[in-house]
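The values are calculated or read from the model by the stated rules, or taken from the named source; none is laboratory data. Treat the numbers as computed from the prediction; the structure is a model and nothing was measured. Don't worry about glycine lacking a Cβ; one is built from the backbone with ideal geometry, like all the others, and counts go over all protein chains shown. Please note that ligands, DNA and RNA were not included when accessible areas were found on the heavy atoms of the full protein model with its side chains. Shrake-Rupley method; radii C 1.70, N 1.55, O 1.52, S 1.80 Å.
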Amino acid sequence: MPARPDLSETPDPVLIIRQRFSDAIASAFPEHAGADPLVAASKNPKFGDFQCNAAMSLSKLVGKPPREVAKAIVSAVRLDDLAEPLGEASIAGPGFINVMLRTDALGRLLSGLSTKDMGLTVAPGEVRTIVVDLCGVNLAKQMHVGHIRSTVIGDTLARVLERRGHRVIRQNHVGDWGLPIAMVTSRVIALRDAGKMNLDTITLDDLDRAYKGAKIACDADRRGLEAARKWHMGPKALAELEEQVAGAEEEDRAARRVLSLLQNHDAATVAVWQRLSDVTMAACLEACRMLNADVRPEHSAGESSYADALAPLVDDLEKRGIAEVSDGALVIRLEDVGIREPVIVRKRDGAFLYATTDMAAIRHRVRNLRADRVVYCVDARQSLHFAQVFAGCVKAGYADRPGGGRTQLDHAGFGTILGEDGKPFKTRTGESVKLADLLNEAFERAMGELTKRSSELDAAEQATIARATATAAIRYTDLAIERTKDYVFNLDAMVKFEGDTGPYLLYALARIRSIFRKAASQGLSVPTLDAGAAFAPAAPAEKALALALLRYPGAVLDVERTLEPHRLCGMIYDLANAFSVFFDQCPVLAAPDEAMRRSRLLLCALTERVLGDALGVLGIPTVERM
RNA sequence: GGUCCCGUAGCUCAGUUGGAUCAGAGCGUCGCGCUUCGAACGCGAAGGCCGCAGGUUCGAGCCCUGCCGGGACUACCA
């Protein structure tokens, strides 16, 4: 009897067929029982639906010609419940074994995918606690394009892991501490005291200006003075600059006083800082809402929340000899793990650095949040920093889980968003572009595209759809590119409705939903999607659609493993494409007979569910019509 | 100097564990298809030294070495 149970365990044919070939290899070549069966979907339909490539690699190990090995595998493998009978003709070329799924098996696999779970959820014993570090806004600074990636990719990875059934803790590591923040706070206090700023009505733009002003006041002039001396500028210019530098030094002293007050929890100073935080976070959460990113106030875990942990942490490192003094600074040496640059945890002047904060954050996440895995969704340019911090934490034992074992630390770094000139995206004047402006612009353009095409929608619905479309456009563009690569930001290409875009996916889904509306209006019932659903894919387009659907669980697994959402994007683009061909070639409501209509309606229903589920995992909102 | 990433069609990019007719998609260009479920679609054509040169092997866009070209990072900013 053929083994059938695994057919009910997963709807993913690759997993089942891989298992069957693995069993076959174990039985035909017991001494190589562990060999990888090398099963994959065939790239060319000519060669069947799936293939096993193990014969070639095994032939060397067993010392037999590959075709002979293939023959032995073919006669040992049990696939008769799934595939057309294998035989001599199934072995092709140097020893490829081609597998053609039986139509009824394809139908059963589709039924298996028709459950709510879709074979996506891990077993109860495999549930992990996973911290996802995302968004990473900075106090008193406007969000810019760079934040799109951390927010969108981080949110998507969190959604994927949640869909797998893991316990996910999002952490927005807000840059809300340190001298730069003290500088702004100091400046805001000065402006308020001079009657030039009202804290009650202050906006993020005001804070952004204050931040830039403070930064310029504190360090630019000093560099200017050095340059002036170097280039032998006239005494008058020098005198002017020196005056500015004196001002800068005064400003710097004030900032340090404020920093000290903040560190000592001075109520009046903290109140001002809190106001800066509130204004910043309100804007941040609004941007996240427009990006459909699940980032809430309770996800905020700013640098300030680790402030009091830094001194004890550094003491601990020093006492245990993990860190040592070098040139007056306290550092952890990492040459032994292949990193030449040591990580500095305390500067010569006694101040701590962002590496110190990150180590405190990891320790907290491992010990208090009980993370089994921490995923950092942060710019790839910080890879050295994270390599250092991770290595430092491992060395210090901060990555050791309370329950034993070590927490998996991943830096899911992403590339830079570039402008048309190939350099990091900026305005002509060198300013970074406000994220809020960009999102509004995307919405306006989506609205324009929409009004060109559909006129019968009322204004309110049109706005809702335009918002979803703009979000789909931005998120899909960002997610579909390989994570680590830079890409050129092009709003026109993103909000285009044709081709490999977010809106195309929404369109495919809207067309399916339109079929259901039409069916309802004709009094036709859509058969229920459950494990007993009777699929009968017959036409090539139906079969292609079925195979595209069955790739979904594997694609989600891939993203969990690699933290690369573009794999799922590619899969659902193929799915939407397969549906479009099916839609073109296979009439659903006007199918030639009742059985075919039911089967096709089921295919539509399953496509709707898979596409909808995938878009949900990608954080892309869907619409009923557009 | 050191470490790492990237070079694939005119443009923007996929290519999974090395697998076959594997040279792929989208955009753009040129054709074709709506009296039948949404043409925001589908089908077809044109377009290529997969940066270059070696190597590994049954098999290389993928792995190794060197070179050329572009980029990022590189001890007291975050």
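So here's what we get for this one:
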{"item": "Average silhouette area of region A:62-142, convex hull of alpha-carbon atoms, in square nanometres", "result": "12.5"}
{"item": "Packing-based order for A:348-355, A:34-41, A:548-555, using average beta carbon neighbours within 10 Å, highest first", "result": "A:548-555, A:34-41, A:348-355"}
{"item": "Computed helical MRE - 222 nm, chain A, DSSP H runs ≥ 4 contributing -39500 (n - 2.57), nearest 500", "result": "-17500 deg cm²/dmol"}
{"item": "Residues A:Gln274 and A:Arg209, FRET efficiency given R0 of 30 Å [Cβ-Cβ distance, rounded to 0.05]", "result": "0.90"}
{"item": "Solvent-accessible area per residue, Å², over region A:306-446 with all protein chains present [probe radius 1.4 Å]", "result": "48"}
{"item": "Residue-normalised accessible area of region A:5-101, given per residue in Å² at a 1.4 Å probe", "result": "49"}
{"item": "Value of relative contact order over chain A, rounded to a whole percent, pairs C-alpha under 8 Å and six or more apart", "result": "15"}
{"item": "Within straight-line cross-link reach of A:Lys426, lysines at Cα separation under 26 Å, skipping those fewer than 8 residues along the same chain", "result": "A:Lys141, A:Lys212, A:Lys215, A:Lys434, A:Lys485, A:Lys496"}
{"item": "Computed log₁₀ I(q)/I(0) - Debye formula, equal Cα scatterers, no solvent, region A:437-572, q 0.12, 0.20 Å⁻¹", "result": "-0.66, -1.23"}
{"item": "Hits among aspartates and glutamates - C-alpha to C-alpha of A:Lys43 under 14 Å, sequence gap 8 or more where chains match", "result": "A:Asp574"}
{"item": "Chain A, Cα convex hull volume normalised per residue, Å³", "result": "216"}
{"item": "Region A:508-612 - Rg and Dmax from Cα coordinates, angstrom", "result": "14.2, 46"}
{"item": "Packing rank of A:591-601, A:359-369, where each peptide gets the mean count of other beta carbons within 10 Å, highest leading", "result": "A:359-369, A:591-601"}
{"item": "Equivalent-ellipsoid semi-axes of region A:5-101, from the Cα gyration tensor, Å, largest first", "result": "20, 16, 11"}
{"item": "Whole-percent carbon and sulfur share, accessible surface of chain A, 1.4 Å", "result": "52"}
{"item": "Percent RCO, i.e. relative contact order, over region A:5-101, from Cα pairs under 8 Å lying at least 6 residues apart", "result": "27"}
